[in-house]
Amino acid sequence: MTQKELFHIAKDWFHQQSWKPFPFQKETWKAFLQGKHGLLNAPTGSGKTYALWFPIVLDYIKRHPNYKTKHKKGLKAIWITPLRALSQEIKQSAERVTQDLETQMTVGIRTGDTSTKERARQKTTMPDLLITTPESLQLLLSSKGYAKVFQDCSAIVVDEWHELLGTKRGVQMELGLSRLKTVCENLRIWGISATIGNLEQAREVLLGPTSEALQNSILVRANLNKKITVRSIIPEKMETFPWRGHLGLHLLEEVVPIINKSKTTLLFTNTRSQCEIWFQKILEKHPEYAGEIAMHHGSINKETRIWVEEAIRNESLKAVVCTSSLDLGVDFAPVETVIQIGGPKGVARFLQRAGRSGHRPGKESVIYFLPTHAMELIEASALQVAVKDNAVEDRIPYLNSYDVLVQYLTTLAVSDGFYPEEIFSEIKQTFCYQGITENEWQWLLNFLVMGSQSLKTYDEYKKVEVEPDGKFKVNNKGIAMRHRFQIGTIVGDATITVRYQKGGYIGSIEEYFISKLTAGDVFTFAGRNLEFIRIKGMQAHVWNSTKRTNKVPSWMGGRLSFSAQMSKLLREELYTAELEFKKQSQEIKSLEPMFNKQREESIVPQPGEFLIETFKSRDGYHHIFYPFEGRGVHEAMSSLLSYRIGLLEPITCSLAFNDYGFEMLSDKPIDIQAVIDNNLFTTEYMLADLQKSLNSNEMARRKFRDIAVISGMVFTGYPEKGVKMKHLQSSSQLLFDVFRDFEPDNLMFQQAFTETFEHQLEEGRLRMALERIATQEIVWKACTNATPFSFPIITDRLREKLSNEKLADRIKRMTKILTK
Amino acid sequence: MTLPIEIKNQQFLLHPLGGIFWEEKSLLLISDVHLGKVAHFRKFGAAVPRKALHKNYLLLDEIVEHFNPFQICFLGDLFHSSLNKEWELFENWVAKIPSEIILVSGNHDIISPHKFEQIGVPIFQELILENFLLTHHPEEREGLFTFCGHIHPAVRLQGFGRQKLRLPCFFKTNAQLILPAFGEFTGTHVLQPKKEDEVFAIVENEIVKV
């Protein structure tokens, strides 16, 4: 069949639905059918699934002209989704195509939710089109004879690639693709990504920087050009608006008219606990919404979530309070309005959420921004500019993640075994391992086989064995089984499922929260008040309660940092506080009372000024610095600065940071004049100092925890067997010390530090920030009380510790206080 | 660096490595060494640095040299797991140490008593010496003062400026004293002291009474 005829089939189908294919869809079909690889840049809900399911099916039709009567069995294409919750949706759209075109193709799902029965069935006959997750793909690579299963697979689509890029799941995907390129005879690789700053790089990472695939590839942009309007919800009385907080309930009543005005409203919150609280409070204040509003977050059971998604589609809900769980996938035409509660911490994410509303082409998307405390109004104002300039962030891909490579090599050794030369040339082609040396590779192989770099007679280390012909293989069943349980790169806190005593699954909560409850405690979860009865295995039993409570489970979750662009915009917005009133934005104008309060004892800094505030409270001596560079940079700068201050005089302090600045809280005052006089903000010896500062705090330790789990040095236990995660935590903590003392040159121990530098502390940005500070005048204000700027920082409970004092000295001071 | 305490008219020295020396009896008490843990992990495919395995013996040598005791009594969990090659290292260690060695067994001690008897280490469920009880699990018994382990006790300290610390400790109540875990590569468990309890925290090379 010619391309023209194939296109005709597709266009006919679109015509039958009374749709018209978008140019980007046609462009993708064409490129795919020409045998090209590529990256499709298209937002959620734009018809991106049809852009790729169609050519996959058309390609099959092309190669099997009697497709209507004959069916050739076997896997033909894989669709990777980062969220298994989306797989049902993707399956439906695939089935629509395969069935309407009268092919006999089958579509199947394989994720953590797939039953063992179904998996066994798939083992004998794979569906033609398989929808799966990065982890499940790795699991397929760990089963015997996988090469044969994938042999005839002609396409792999990685959906939501921007979500995977910049994570270790992305690295896992790179490795999987490097293997499939060899195993599949004629494979096309496609990614789908929302708009991010580094789209070109995203394509390079997907396909491999030096690969033929990249040469023969295309970047398709959907360019749907949607108009997005941002409206801030500004409190009427600024005097009573809080200086801190993260819930935003003060503005609850402002939300009501917005909900009433539109058909369906999505309220995005930043955390699941915030989501629970908002849902609860709306119903409490406005019982008339009962049955018309719902809640959606990742810990609620699947059925409820699917029900909510359906209800949005058939317009039976007025509003849904949700988290990032509704960021991806799922096309909701009826959503008219979106409200973002609290800073979204990223322009890309904000745009994606805004794009949830007004789905019809050409229709404008409206997003309301609801600040949770005063300082966030500055953020709101900066976001307006960011949206106008489309200033989206980059997603920084990982380099040399040895832990993921060790896991991958073990996976291959568990299934059919591997020959190092073959795999080395494959991984050299990936972005992540493009710079890996022969020495490092040999180190990793030694590590797999001997658990060290040399053989000792009394050592009983056992994992991968080398067979006489040079094949690396795992022959021990126990090791293979433990490895399969542990495949994956997401290391989280253990979760406990919450059930009614009489049965009935409600959702899952972090063990940390449950461990603090005692029988009879009432907490709010999934929109209900539940009384805790007992823990049984990995389950918490509860029943409904009518008691009121303010206990809401918290989910730790990562805190995101502002990008460089966003931080710059934020600073520029702040500087406008000193402009003439009429030149200020609505948000900045409304902050006037807060700025005045700030000016009472301190200043609102201007471009040439770097502000430091100090004061004493019951908690200790507060020293607050305001670089306005985003959380990540502040984390690094506070670590660097406290290390340098410690050189002048030993100190112990607790560090807190947000996107505006950072605090050093200490039990004795720090001499700020000495900080200024000794030029402690210099970029000289920055790297060396930063490295030394890391030895005395917890960051690298935490990174190491994940690395130890991913590389299989710590076993997290069998699921549902009730092996507590706490055990893992402490044993990887111990492991860190053991490595520091005995094997500091271990590549994976080193990796913990590299990752801290590159991904957490953003070393490059730190240098630029310090250079900027060097041009500024340092303004030190010794205050008697907390200022509005300092308030959100000093009340933050999530802190880093740092000390270079002698432990004994500290303890003597502490015991003195205890006994006082 | 050691700290003397008196219990029932007997003199004891607390050592920052985590042992207690009973002066009148020339008896060194050590608890929860968890030998063989490193080898056990490695056998199951977790690549804990092999060198870590020798550390315990170095520490044992250090404390034995310091007191030169007539007897050493391990208060349980001497070995972490079933028999592995680390046993040979232990055997060598026992052979070169002049002191007599006894073991009060703990929940982790699953290696056959015969193996211990072969190298001249007798095993007991518990021991009563005058009015002192030596066991693995904490237990208060009428008229006796208990020395035990098992818990791996630690104490949490708080100070001005939201400072927090967690340190391994000797945890003493009116009727018993719980020893810290001697072994490297073992965790700790925080205990909340009551008013009458005494806590001796291990701070680098010192013992500090909290």
Out of B:SER112, B:SER105, sole residue that is of a type outside the set (A, V, I, L, M), more than 12 Å from B:ILE30 (Cβ to Cβ) and surrounded by fewer than 21 Cβ atoms within 10 Å (Cβ to Cβ): B:SER112
Note on segment A:461-485: residues in contact with an Asp or Glu (Cβ under 9 Å, 6 or more places away or on another chain) and closer than 19 Å to A:SER711 by Cα are A:PHE472, A:LYS473, A:VAL474, A:ASN475, A:ASN476
Does segment A:453-475 hold any residues that are closer than 25 Å to B:GLU86 by Cα and either free of Cβ contacts under 8 Å to residues at least 12 places away in the same chain or surrounded by fewer than 17 Cβ atoms within 10 Å (Cβ to Cβ) (or both), and which are they? A:GLN453, A:SER454, A:LEU455, A:LYS456, A:THR457, A:TYR458, A:ASP459, A:GLU460, A:TYR461, A:GLU465, A:VAL466, A:ASN475
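Residues are listed down the side, and each one gets a yes or a no for (1) in contact with a His (Cβ under 8 Å, 6 or more places away or on another chain); (2) within 30 Å of A:PRO397 (Cα to Cα); (3) at pLDDT below 80:
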position: A:GLU438; (1), (2), (3): no, yes, no
position: A:SER454; (1), (2), (3): no, no, no
position: A:PHE472; (1), (2), (3): no, yes, no
position: A:LYS477; (1), (2), (3): no, no, no
position: A:GLY492; (1), (2), (3): no, yes, yes
position: A:THR495; (1), (2), (3): no, yes, yes
Residue tally, condition within 14 Å of A:ILE378 (Cα to Cα) and either basic (Lys, Arg) or more than 26 Å from the chain's Cα centre (by Cα) (or both), over segment A:224-240: 5
By residue number, the members of segment A:540-567 that are within 20 Å of the chain's Cα centre (by Cα), at pLDDT 70 or above and hydrophobic (A, V, I, L, M, F, W, C) are A:PHE562, A:ALA564, A:MET566
On the basis of being part of a loop (DSSP other than H, G, I, E, B), under 27 Å from A:GLU204 (Cβ atoms), hydroxyl-bearing (Ser, Thr, Tyr) and under 30 Å from the mean Cα position of the chain (by Cα), does A:THR411 make the cut? no
Within the group A:PHE369, A:PHE424, A:PHE431, which residue is outside any loop (DSSP other than H, G, I, E, B) and within 23 Å of A:LEU140 (Cβ to Cβ)? A:PHE424
Need at least 1 residues that are closer than 26 Å to A:ARG63 by Cβ, modelled with pLDDT of 90 or more and hydroxyl-bearing (Ser, Thr, Tyr) per element, so show me which helices (runs of 4 or more DSSP H) inside segment A:81-144 make the cut, counting only ones lying wholly within it. A:87-100
Condition test on B:SER26, is it of a type in the set (S, T, N, Q), modelled with pLDDT of 95 or more and within 19 Å of B:ILE202 (Cβ to Cβ)? no
Out of (1) modelled with pLDDT under 95; (2) surrounded by fewer than 19 Cβ atoms within 10 Å (Cβ to Cβ), what's the single condition that is false for A:GLN442? (1)
Only one of these is within 30 Å of A:ASP403 (Cα to Cα) and not charged (D, E, K, R): B:LEU60, B:LEU14, B:LEU35. Name it. B:LEU35
Consider B:GLU204 carefully, then state whether it is within 11 Å of chain A (Cβ to nearest Cβ), farther than 30 Å from A:LYS616 by Cβ, among the acidic types (Asp, Glu) and surrounded by fewer than 17 Cβ atoms within 10 Å (Cβ to Cβ). yes
Taking segment B:182-192 and keeping residues in a loop (DSSP other than H, G, I, E, B), within 11 Å of another protein chain (Cβ to nearest Cβ) and out of contact with any helix residue (DSSP H, G or I) (no Cβ under 7 Å at 6 or more places or on another chain) leaves B:THR186, B:THR188
Before we move on, is A:LEU214 in a helix (DSSP H, G or I) and within 29 Å of A:ALA752 (Cα to Cα)? no
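The rows are residues; the columns are (1) at pLDDT 90 or above; (2) surrounded by 23 or more Cβ atoms within 10 Å (Cβ to Cβ); (3) within 19 Å of A:ALA374 (Cβ to Cβ); (4) not assigned by TED's automatic domain parsing to the domain that holds A:ALA774.
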{"position": "A:LYS583", "(1), (2), (3), (4)": "no, no, no, yes"}
{"position": "A:ASN596", "(1), (2), (3), (4)": "yes, no, yes, yes"}
{"position": "A:GLU609", "(1), (2), (3), (4)": "yes, no, no, no"}
{"position": "A:TYR621", "(1), (2), (3), (4)": "yes, no, no, no"}
Would you check which residues across segment B:72-91 are charged (D, E, K, R) and either more than 11 Å from chain A (Cβ to nearest Cβ) or within 14 Å of B:GLY149 (Cα to Cα) (or both) and list them? B:ASP77, B:GLU91
Options A:VAL392, A:VAL387; residue that is assigned to a loop (DSSP other than H, G, I, E, B), of a type outside the set (Phe, Trp, Tyr), touching a helix residue (DSSP H, G or I) at 6+ places or on another chain (Cβ under 7 Å) and under 30 Å from A:VAL321 (Cβ atoms): A:VAL392
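The values are calculated or read from the model by the stated rules, or taken from the named source; none is laboratory data. The model shown is predicted, which means the values in this text are computed figures rather than measured ones. Neighbour counts run over all protein chains shown; Cβ positions are idealised from the backbone, glycine included.
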